[in-house]
1. Please enumerate the residues belonging to the range 62-80 that are at pLDDT below 70 and open to solvent by 90 Å² or more (accessible area, probe 1.4 Å).
2. Looking at the range 151-175, which of its residues are in contact with a Leu (Cβ under 6 Å, 6 or more places away or on another chain), part of a helix (DSSP H, G or I) and modelled with pLDDT under 80?
3. Taking the range 117-136 as the region of interest, how many residues are within 20 Å of Thr38 (Cβ to Cβ) and either among the acidic types (Asp, Glu) or at pLDDT below 95 (or both)?
4. Just name the residue that is nearest to Val162 (Cα to Cα) out of those in the range 105-150 that are part of a strand (DSSP E or B), open to solvent by 30 Å² or more (accessible area, probe 1.4 Å) and in contact with a helix residue (DSSP H, G or I) (Cβ under 8 Å, 6 or more places away or on another chain).
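The values are calculated or read from the model by the stated rules, or taken from the named source; none is laboratory data. This structure is a prediction, so every number in the text was calculated from the model and none was measured. A quick note on method: Cβ atoms are made from the backbone with ideal geometry, for glycine too, and the neighbour counts reach across all protein chains shown. For the accessible areas, the whole protein counts, side chains as well, though only heavy atoms, and no ligand, DNA or RNA atoms are used. Shrake-Rupley method; radii C 1.70, N 1.55, O 1.52, S 1.80 Å.
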Amino acid sequence: MCLLAACCVVPAVGQDWKEALKSAASNVVDKATGGKATETLMIGDWQYEAPGVKLESDNALADVGASAVTGKMEEQLEKLYALAGIRAGACKFSFAADKRFTATFGSRTFTGTYEFTGESHDIALHFEMSSKYDLGTLNGKTYLSGTDLQILFPATRLLKMVDVLGQKLASFSTTAATVSTLVGKFDDLYLGFEFTKQ
């Protein structure tokens, strides 16, 4: 009863609880199916919503430290992504059941194949080479969080991909340098994207 009252009085807290429960439910289902839930539910069209940041570490102190800079890192990533054409409404991923994917970054569209390992949540995106860009293979992690999808990569590898996509402008270099400085403070840092289903 007290919890219900608290949620009614403070809507933001209530919303946080809903998000936490939604995320917990998706994690439970995913563990129970050995990652098959993510593999099945990721098929479809996904619209980019925001940068994703996750620390893959058992070190509680590192988690606290990462939490303190997450806001700043997401803000800088958003600026960096925008310069590379990655912004809400202009970036999406589509995954097909035949293990092919299409990725759109602004006016650029890439195709390729993907491999997903359920229990470890490992994903490998094999980008087909285009006339202007060679993104190669990106190895990362994929998670369901409620109805949202996270695709995350080791920080340095993600920054290299964004660098390939980014325009060689002073503003891009400056923002990239700021993000690199923040990234250098943590081991096992994964950066990437948060998507919502279309």
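1. Within the range 62-80, Val64 is the sole residue that qualifies.
2. If the condition is that a residue be in contact with a Leu (Cβ under 6 Å, 6 or more places away or on another chain), part of a helix (DSSP H, G or I) and modelled with pLDDT under 80, then Phe172, Thr175 are the ones that fit.
3. Initially, the range 117-136 is screened for residues within 20 Å of Thr38 (Cβ to Cβ), giving 117-126.
Filter once more, so that each one left must be either among the acidic types (Asp, Glu) or at pLDDT below 95 (or both): 117-122.
Of the residues in the range 117-136, 6 are within 20 Å of Thr38 (Cβ to Cβ) and either among the acidic types (Asp, Glu) or at pLDDT below 95 (or both).
4. If we take residues in the range 105-150 being part of a strand (DSSP E or B), open to solvent by 30 Å² or more (accessible area, probe 1.4 Å) and in contact with a helix residue (DSSP H, G or I) (Cβ under 8 Å, 6 or more places away or on another chain), then Arg108 is nearest to Val162 (Cα to Cα).
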